[in-house]
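Visitor: Before I ask anything, here is the structure I am working with.
The values are calculated or read from the model by the stated rules, or taken from the named source; none is laboratory data. Treat the numbers as computed from the prediction; the structure is a model and nothing was measured. Every residue, glycine among them, receives a Cβ derived from its backbone with ideal geometry; neighbour counts consider all protein chains shown.
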Amino acid sequence: MDIGAARVLLYKMLVGSVTLEGEEDQEMYKKILNVNVAIPKFVKQAARVLIEQLEVRNPEKRLALDKVLTHRWMVRNCPPSE
């Protein structure tokens, strides 16, 4: 799974819908390219920061997988499986 897919899954788990669900294709592609997704206010700050770090368009500046796994929100909410 790439980091973009992880962002979509995290958003869906926290919000209950896909970030671009129900959009017209052209508008959806524009949002993907512009990384223009609103995060609802009820999403806790640590999760919001993680989603925002996964939204970075430039892959070199986007949060790397090892950093995702050690992110504060992940450590608190997703204990490692045995």
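Visitor: Determine if region 46-69 includes at least one residue that is in a loop (DSSP other than H, G, I, E, B), modelled with pLDDT under 90 and touching a Phe, Trp or Tyr at 6+ places or on another chain (Cβ under 9 Å).
Guide: First, pick out the residues of region 46-69 that are in a loop (DSSP other than H, G, I, E, B): 55-64.
Going one step further and asking which of them are modelled with pLDDT under 90, we end up with 55-64.
Filter once more, keeping what is touching a Phe, Trp or Tyr at 6+ places or on another chain (Cβ under 9 Å): none.
There is no residue in region 46-69 that is in a loop (DSSP other than H, G, I, E, B), modelled with pLDDT under 90 and touching a Phe, Trp or Tyr at 6+ places or on another chain (Cβ under 9 Å).
Visitor: Would you call Leu33 at pLDDT below 80 and exposed (fewer than 10 other Cβ atoms within 10 Å of the Cβ)?
Guide: Values: at pLDDT below 80: yes; exposed (fewer than 10 other Cβ atoms within 10 Å of the Cβ): yes.
Yes.
Visitor: Which condition does Met1 not pass, out of (1) in a loop (DSSP other than H, G, I, E, B); (2) modelled with pLDDT of 70 or more, if it passes all the others?
Guide: (2)
Visitor: Which one is farthest from the chain's Cα centre (by Cα) among residues in region 38-82 that are over 13 Å from Ala6 (Cβ atoms), β-branched (Val, Ile, Thr) and surrounded by 15 or more Cβ atoms within 10 Å (Cβ to Cβ)?
Guide: Ranking the qualifying residues of region 38-82, first place goes to Val43.
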